[in-house]
Amino acid sequence: MKEVQNIIKASEIAQATYIDIAADTNIIFLASQFTHLPLCISSIIPDQIYKCVDIGIEIVEIGNFDAYYNKGMIFNVKDIKNLSRTIRRRLPNIHLCVTLPYIISIKEQIELAKYLEFIGVNSIQIEGNINHRYDRLNQRLPLNRYNSTLINTYSLSRIVNIPIIAASGLNLSSAYIAQSYGASCIGIKTAIIQETTLNKKIDMIKKIKSTLKDTTTRSYIL
């Protein structure tokens, strides 16, 4: 929990765009004590999402799939379409972001991204290869998280007009590359969890923000 506090404090001090956290009321209350930044919760469970919105959350991400991959669960295009449609209908005014599961092919990701834009999803998030257990399902050459994120960001930014969030495996050296490939927002959890102190985390966020200076791209913290 101390690490979570330091990430939240660093995000507040360095002024990240928003903080992406688990859909857990205890973590929401903890975060609220240390920051005035917008909070985004990540979940695939509708009732959990609604509960968080009821206590003031204004940004919702359908995602956090890695927790379920580790349990042997997988998600297909139909699953994400149905869930996204359900949440959008129930919460028409919330800022809704949807993560595209990396285990589906790039062709399916393009199909899904187009659908999400059509139903009014506000942004989509790119998920790099985060669980090699399922690499065989998507017919891609083996890629690390960083390369997978960049390739998918580039491909999808040419297809849809809604903002794309690049958020897997990115660091100080790759944040600007992701921006040049079409990302509108950069998730930087990978970069800051490697820093061992609060001050180092603050410095890292500031450095990444500096590389994106004078662009429309923003940084946020997972």
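The values are calculated or read from the model by the stated rules, or taken from the named source; none is laboratory data. All figures in this text were calculated on a predicted structure; none of them were measured in a lab. Glycine gets a Cβ as well: all are built from the backbone with ideal geometry, and neighbour counts include every protein chain shown.
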What number of residues in region 152-174 are under 20 Å from Leu212 (Cα atoms), hydrophobic (A, V, I, L, M, F, W, C) and at pLDDT 90 or above? 4
Could you list all residues from region 108-128 that are modelled with pLDDT of 95 or more and more than 13 Å from Val160 (Cβ to Cβ)? Glu108
Within region 60-82, can one find any residue that is over 16 Å from Thr25 (Cα atoms), out of contact with any helix residue (DSSP H, G or I) (no Cβ under 9 Å at 6 or more places or on another chain), at pLDDT 95 or above and surrounded by 13 or more Cβ atoms within 10 Å (Cβ to Cβ)? yes
Could you tell me which of the residues Leu100, Leu91, Leu112 is surrounded by 15 or more Cβ atoms within 10 Å (Cβ to Cβ) and more than 24 Å from Leu170 (Cβ to Cβ)? Leu91
Scanning region 115-130 residue by residue, those surrounded by fewer than 16 Cβ atoms within 10 Å (Cβ to Cβ) and assigned to a loop (DSSP other than H, G, I, E, B) turn out to be Ile119, Gly120
Have a look at Ile13, Ile27 and point out the one that is closer than 21 Å to Ile94 by Cβ, of a type in the set (Val, Ile, Thr) and either crowded, with 16+ Cβ neighbours inside 10 Å or at pLDDT 95 or above (or both). Ile27
Mind checking which residues of region 1-47 are closer than 20 Å to Lys207 by Cα, outside any helix (DSSP H, G or I) and not hydroxyl-bearing (Ser, Thr, Tyr)? Gln15, Ala16, Ile19, Asp20, Leu37
Those residues of region 58-104 that are in contact with a strand residue (DSSP E or B) (Cβ under 9 Å, 6 or more places away or on another chain), in contact (Cβ under 8 Å) with a residue 24 or more places away in the chain and either within 24 Å of Thr153 (Cβ to Cβ) or among the aliphatic types (A, V, I, L, M) (or both) come to a total of 21
Please work out which residue is nearest to Gly120 (Cα to Cα), limiting yourself to region 149-189 and to residues that are part of a helix (DSSP H, G or I) and among the hydrophobic types (A, V, I, L, M, F, W, C). Leu156
Cβ contacts < 8 Å: first residue among the polar types (S, T, N, Q), restricted to region 36-57; second residue surrounded by fewer than 21 Cβ atoms within 10 Å (Cβ to Cβ) and in a loop (DSSP other than H, G, I, E, B), any location; separation 6+ or different chain. Result? Ser42/Asn64; Ser43/Asn64
